[in-house]
Structures are given as structure tokens and as C-alpha cells.
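Below you'll find the structure, written out as C-alpha cells, and then a few comments.
Each reported figure results from applying straightforward, stated rules to the coordinates on display, with no laboratory input. All figures in this text were calculated on a predicted structure; none of them were measured in a lab. All Cβ positions, glycine included, derive from the backbone under ideal geometry; neighbour counts span all protein chains shown.
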Amino acid sequence: MKFETVNAIEQRKNANILILPFWKEKKNTEPAADFHQLNKIFKEPLQLQDFSGKEGEILFLYAPDQIEKRIALLGLGAKEGFTIEKLRRAYSQLVKALRPKKFKEVNLVVPVLQSLSKLAIARGIAEGLLLANYIFNDLKHDALKEASEGLLERACLIGLDKNGFAEANKCKTIAEAVYFSRNLVNGNADDVTPQRLIAEAKDLAKAFKTVKTHVLDKKQIEKEKMGLLLAVSRASPRDPAVIILEYKGNPKSKDHTVLVGKGITFDTGGLNIKPTGSMETMRCDMAGAAAVLGSIKALASLGIKVNVTGVIPTTENAIGSKSYKPGDVYQSYSGKTVEIGNTDAEGRLILADALAYAVKKLKPTRMIDLATLTGAVEVALGNETTGLMSNNDALADSLIHAGSETFERVWRLPLYDEYQDQLKSEIADIKSTGGRGAGCITAAMFLQEFVGKTPWAHLDIAGTAFITESKRYHPKNATGIGVRLLLEFLEHI
Ligand code: BES
Ligand code: ZN
Ligand code: ZN
């Protein structure tokens, strides 16, 4: 979707429809900007109380004397307590209501409000429009692709100033990275393989001078003795890889963030095979990797002045005669030996090797990993909130703040030493799984063993990366979670 802007309503070009925003105040419904010249169009519906202006309410009207011929009144709710998130919701609601009508072009009058900055208003509208304007139907037959005809192609934001317009376009660049991430997660596991992730990373390096890609192939992984990644990959016909993407946006600075993304391109569970009902969506198990790729794409597109290295350990967790086995012990890259508690707890194994490798070779200022790591986090926090676990309060607080700004909210869970007892092994240095209680915490306690003293945060996105029903501006299936959160965090380091 392309954004345009004009100063005044009289300057607008033709489009399929004109959108007018309204507040719902205690006793009446008020225009949310100055468009008094259109009074006669909305006077009647307000008087008849056919439209109250409540959050997300939409009333379609005809206006034969206007260029668009069609008008929609959009309710924003009450002015008091209004937030940027309410804008995202109202405008995503609008996109969804327009979709069946197959309108491609809209004119929108931008609401005015003292309590929100102009930039925040531009951002809320742009994100609401953009994030909802997505359909994944690459795998549908052409005749069934109709739905994508409903995607908006042009939005003219009437009354936006220069900075607001720049902000909307920045949101567009970030949304394109979110789409990129969603597409990778939504794609077939047989298409989005470790080799495909390598190709995507190489494409980013081709597209941006500031990005360099380096890949550890199977031989190098063997040479580096990443025993845990090798164990997980054993049953797959496809080679594992560790993809390293270096983005240097601030070459003069030594500050350096490493982002690690879980890249299990399909999780069968291995010999501890997943039951029917749990395996069908496991193409989503590389959503952490997709978030890292998407973030690097957005950083490079915007030229954000930070240094970030993405590290993506990737393989399938397949099942076969070469499968790694529960109860066996494997040696990690760090040297620690690990007893396998359950082959379905494969994510922490490949992350452990990647984290230890990043600490040793990249010596980062801080490290953040994103992973669809545990079903337990979904039990704890549902699909609304990402689990955060960290060894560093300042880092955790910054991520929580970025989460509330973007509404990709994160909630911190404790890493108390006492949980470590659950990972004791009789035969190895550590066991990979910690029993029934606090499953997402013990998974993080396991990862913590491999990060040393590096400030580190772990984001368990198993509940938020992939949803079965669409909600607000999240389409069903891949949400692309993590990209907006990380961008917000990295921009404010
Ligand atoms: N990929 C799964 C976690 C997951 C669950 C992601 C639901 C997305 C939605 C992970 O590899 C896994 O299977 N974890 C196990 C760990 C257990 C065996 C200790 C789990 O959570 O059941
Ligand atoms: Zn698993
Ligand atoms: Zn998994």
C-alpha cells in the first residue's frame, strides 16, 4: 500500500471511498477533525442515532456530490484515555470492512487530538492500515485468489504534516518486513527449509550494502563441534546450518547486539513424536528465525544506526532411523554435556549451541533470542503476551517498554536459581528438560547455562507467533511478532 497526503480535504484526488473519523463523547458524537463542509452528509445519521462513533463502528453512506460517491464514518471511541493502540484497532477494523468491497483506493481524513502527538497519530493509523492489509494465499489456486483483490493499494491521508507522512512511510517499511516474516512462517515447511532461509539471508546481503551474510554449513558445524545442533539434525535429509547476518549501521560504535532466532523449519517432536493436533502447525517453529531476518531487513531498509548480528541455527526436527535419542548424552559447543530429556525439546538445544557460539566469536554487548520454545508459555500467557526471561534488569525493562509502545507486549518471568535443580542430570552436566512445572522457565534456565555473563534476554513467542483465528490487525496464522518489538528496542538503545 502506497501512502499519499494532501493538506486539505478540497485537494484530494478521486478514490473509492472517503473516511471520516468521529469521537463518541458522553452525550454526543463529534467529528474528530474539521470537515464541516461535509456536515449535510453525516447530520442525518447522527440525528437518527444510526452511528454513535464507538470504537471500530463503521457506517457506509452515499454522497453523490462528492468525487468518491461513497463515504464511511469511522468511530474512534472516547477522546479521554485514547491511545495509539486504539488507532491501530480502528483502522485495521476499517481495512477488514473494506476488503469484501474490493476497494483499492481510500481517502482518509486524519483525526486531530491534543493528547497524542502528530507522529503517534500517523503511526497508529499507518500501522492499523498496514498490518491488517495482508493475505497469505500463495498456495491457493488462482481462481481462489479473489480475496487478495481486496487489498488496499493507495491511501491518501488528508491533513498529515511532513513529519507525519515520513512516519507513515517508515511504518510501511517496517510492515513490509513484518509481511516478509509472516510469509516465511506461513510457507510450507517443505519450501521454507534451512536452505531457503540461507537463500533469504543471502538475498538480504545482495539487497543492502550494510548487510553481510556468512553461513556455517554441516561440515563447519561438525568442525566447530556444535554437538547439540548436529544431534537434532540427524534424522533430516536436509543439512543444518548456522546463518550469520551482520548489519553494521554504526561502524564507529563498538555497541553490538546479537539476535538469535530459533530456525526449526518443522518440528515433528523427533522420537518423542508429537500427537495429532500438536504437529499440524509446526511449520511455525522457525518464527524466531523469521523475526530476526525481518528485523535485519527493516534495520537495513531504514538505515538505523545500530550494529546488529543475527544468528540463526536452523534444521528440521525430523524423525527417522538416524534420530537422536532420549536418554542419550551429547556434547555441546560450549563443552557441557547434555542428557536429552525429550527429543521434542529440540529448540533449546540448537539455541544453546548458537548462543555459546555467539558469546565466544562475536562478543556482543547484549544478546536477545526469539524462539517458539515451549507450549508452557502458551499455558501461562495465552496468545496475547510473549514470555520474557532475562539475566539483566535493564535489558528486560527496555524490552518491556518496547513491548508496550508497539503493543507486542512481553511479560517477565523469574529465573530463580532454585529452578536449576529441575535440570539436574545423573549422567551428564545438565539435562535438557525440567519436568512438568514452570516449563518455559526451566527452558530458559537451560539456555542461561550457555550465555555466560553476557546481558541476555529470551523471548518465548510460542503463544504469539502463530494464531488460529485472526484478531485485530493480526491475520490468522503467522503474526510476524518480534519485528516491530525489536525495531522499537534497537532504535532506542
Ligand atoms: N516447538 C515446540 C513448542 C511450541 C508449542 C511452539 C506450541 C509453538 C506452539 C517445542 O519444540 C516443544 O515441542 N516443546 C516441548 C518441550 C517439552 C518436551 C519439554 C513442549 O513445550 O511441549
Ligand atoms: Zn519440539
Ligand atoms: Zn520446537
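Kirkwood radius for the stretch 134-259, taken over all pairs of different Cα atoms as the inverse mean of 1/r, rounds to 18.4 Å. Under the criterion of Cα pairs below 8 Å and six or more residues apart, the relative contact order for the chain equals 14 percent. Determine the alpha carbon to alpha carbon distance for each of K40/K86; K40/K102; K140/K274; K145/K476 and list only those over 21 Å. Result: K40/K86; K40/K102; K140/K274 exceed 21 Å. Remark: the D161-A199 segment gains 9.7 nm on full extension, using 0.36 nm per residue and subtracting the alpha carbon distance.
At 0.692 mPa s and 37 °C, plugging the Kirkwood radius over alpha-carbon pairs of the chain into Stokes-Einstein gives what diffusion coefficient in µm²/s? Don't skip to the answer; put the middle values down first.
Numbers: Rh = 23.8 Å.
Stokes-Einstein gives a translational diffusion coefficient of 138 µm²/s.
Applying the criteria of a DSSP loop state and at most 11 other Cβ atoms within 10 Å to the chymotrypsin sites (Phe, Trp or Tyr not before Pro) of the stretch 143-240 yields no site. Full extension of the chain between L48 and S425 gives 128.5 nm of extra length, using 0.36 nm per residue less the Cα-Cα distance.
Sorted by packing (mean other beta-carbon atoms within 10 Å per residue), highest first, where do 309-320, 42-53, 288-299 land? Don't jump to the answer; show the numbers that get you there.
Working: 309-320: 25.2, 42-53: 14.5, 288-299: 30.2.
Going from most to least packed, we get 288-299, 309-320, 42-53.
Neighbours of G452 by Cβ distance under 11 Å: Lys/Arg scored +1, Asp/Glu scored -1, total +2.
Taking amide H as placed 1.01 Å from N in the peptide plane, A457 has its amide H under 5 Å from the amide H of M367, I368, D369, each at least 5 places away in sequence or on another chain.
In plain terms, the chain from K2 to A78 could stretch by 24.4 nm, reckoned as 0.36 nm per residue minus the Cα-Cα distance. Let's test the formula: R0 of 35 Å, r as the Cβ-Cβ distance of N28 and R472. What FRET efficiency results, to the nearest 0.05? The pair N28/R472 has a calculated efficiency of 0.80. Within the same chain, aspartates and glutamates fewer than 8 places from K170 are excluded, and of the rest, those with a Cα less than 19 Å from its Cα are E4, E85, E127, E153, D161, E405, E408, E488, E491. Listed by chain and number, the aspartates and glutamates whose C-alpha is less than 13 Å from the C-alpha of K262, apart from same-chain residues fewer than 8 away, are D285, E316, E346, D353, D369, D460.
Sites listed here are GluC sites (Glu not before Pro) in the stretch 322-423 whose DSSP assignment is loop and whose Cβ has at most 14 other Cβ atoms within 10 Å: E384. Partner lysines whose Cα lies under 24 Å from the Cα of K254, excluding those fewer than 8 positions away in the same chain, are identified as K209, K212, K297, K305, K360, K361, K363, K453. Taking every Cα-Cα distance in the stretch 366-493 and sorting them into 5 Å bins from zero, the calculated P(r) comes out as 2, 11, 21, 22, 19, 12, 7, 4, 1, 0 percent. Which of the pairs K202/K424; K27/K118; K26/K101; K69/K96 have their Cα atoms more than 30 Å apart in this structure? Long pairs (Cα-Cα over 30 Å): K202/K424; K26/K101. Less than 5 angstrom separates the built amide H of T309 from those of Y247, T257, V258, L259, all sequence-distant by 5 or more or on a different chain.
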